[in-house]
Amino acid sequence: RLLAGSPAEIYSFNASGNYAPTYISENIRDLLGYDPDEYLQSPDFWRERVHPDDLSRILGSYTRLFEQGRLTTEYRFRKKDGSYCWINDDLLLVRGRAGEPIEVVGAWSDIGARKLAEEAQRETEQRLIDAIESIDEGFAFYNAEDRLVLSNTRYRELLHADGIEEIAPGTPFESIVRKAVACGRIRDIGSGSAEQWIADRLQRHRNPGPPMIQRRTDGRWIQVSERRVSRGGIVTVYSDLTELKDKEERAANAHKLILESLHYASRIQSAMLPARHALGSMAQDYFLIWEPRDIVGGDFFWLHHSRSGHYIIVGDCTGHGVPGAFMTLIACGLLDRHLRSLEEPSPKLLLELLHRDLKTILGQDQDLEGETDDGL
């Protein structure tokens, strides 16, 4: 009654000769649906019902049973109704006084529920792997012992400059960092101490803070973001910022060129304006403030000596920066032309001529679409 009520089915068979069955507990009916006599009267009962895909694997493992005296295996077994179930098979070899194999005693247990749970877990893990494989960033998870649990292909690509290398789960983070340093992948180290860099990197890894940028020897810029999870462990995300950094560098170079051009243009614009000593020869008590907002600008001043006195002109052209500066050049050129060609024109006449010539130069005296209202 004890064996019949056991959750495991107990059986035995000869350990030599024809390996004929010698005992089976009554609960085989509950577990597999067979009568005990079906097992006891058929030497091939077990072999005929093990799933064909599992049979060779299980038979191959029996060598360990006779070497070690015990064996535990898992396989699919066909029930009376034709369906297959997963069973756990624990076997014990019984030997005689001389050490010869006499009998094998075993126990079958239904592990179908556990196998279903394991399969569900594998499917969940596979969906997680598929999800992290689909993202553009490198992803890795390290457990509470700081050993790699999971990483995607992109992580390995960004971690290694010379192609994808397999990083086995269980590898300590420190080993991965040391290998990267030993292979000369980290440009940030420069002429400094590699050991100090590694110590700083491990400190930042174990106490995650804001994202940091790494410069690699192959020219890539990698942003490393790390975060500690609630139950221990660290999630690491690698982002390739090389393209963004290249754009920033190109933009910085373009900005530098523009600034250099503007400063050069400022020198040209300043050279066209009257020198301060010219103002000093005209008046003892004066001050001058000329500070363009954008290095160059649309404000200008002009000074001209005539036989009867001085022309002092302060102008504000439309626009700022380069457009305004172009307008000052036009205005100064027109003023220089008229003041040198006319005999002491009145301010009224000078402004009228400036107005007329400016409209002509800018095409404002014609009936054209998109007419501008630039002036001073």
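Taking θ as phi - 60° and the Karplus parameters 6.51, -1.76 and 1.60, the scalar couplings of the range 54-66 work out to 9, 4, 4, 5, 5, 4, x, 7, 5, 4, 5, 4, 7 Hz in sequence order, x denoting glycine and proline. The C-alpha atoms of the chain define a longest principal axis, and helix 321-341 lies at about 10 degrees to it. Here percent of Cα pairs over 38 Å apart was computed from the coordinates, and among (i) 28; (ii) 34; (iii) 63 the match is (iii). Bridgeable lysines around residue 348 (alpha carbons under 18 Å apart, same-chain partners fewer than 8 residues away excluded): 359.
For the range 22-169, which whole percent of the accessible surface, found with a 1.4 angstrom probe, sits on carbon and sulfur atoms? Ligands and nucleic acids excluded, carbon and sulfur reach 50 percent. On full extension, the segment bounded by residue 279 and residue 119 gains 48.3 nm, given 0.36 nm per residue less the C-alpha separation. Each Cα pair under 8 Å and six or more residues apart adds its sequence gap; the mean of these over the residue count of the range 1-126 is a relative contact order of 24 percent.
Express the relative contact order of the range 234-376 as a whole percentage, based on alpha carbon pairs under 8 Å and six or more residues apart in sequence.
Relative contact order of the range 234-376: 17 percent.
Only lysines eight or more places from residue 247 in sequence, or on another chain, were considered; those with a Cα closer than 16 Å are 256. Per residue of the chain, the DSSP helices (runs of n ≥ 4 H) give a summed -39500 (n - 2.57) that works out to -13500 deg cm²/dmol at 222 nm. Taking 23 Å as the straight-line reach from the Cα of residue 79, the lysines in range (excluding those fewer than 8 positions away in the same chain) are 115.
Using all pairs of distinct alpha-carbon atoms, the Kirkwood hydrodynamic radius of the range 43-149 works out to 17.4 angstrom.
Just to confirm the number: angle between the C-alpha axis of helix 194-206 and the first principal axis of the chain, 0 to 90 degrees, nearest 10? Its long axis makes an angle of about 70 degrees.
The values are calculated or read from the model by the stated rules, or taken from the named source; none is laboratory data. Every value quoted in this text rests on a predicted model; they were computed, and no experiment measured them. With ligands, DNA and RNA removed, areas are computed over all heavy atoms of the protein, side chains included. Shrake-Rupley method; radii C 1.70, N 1.55, O 1.52, S 1.80 Å.
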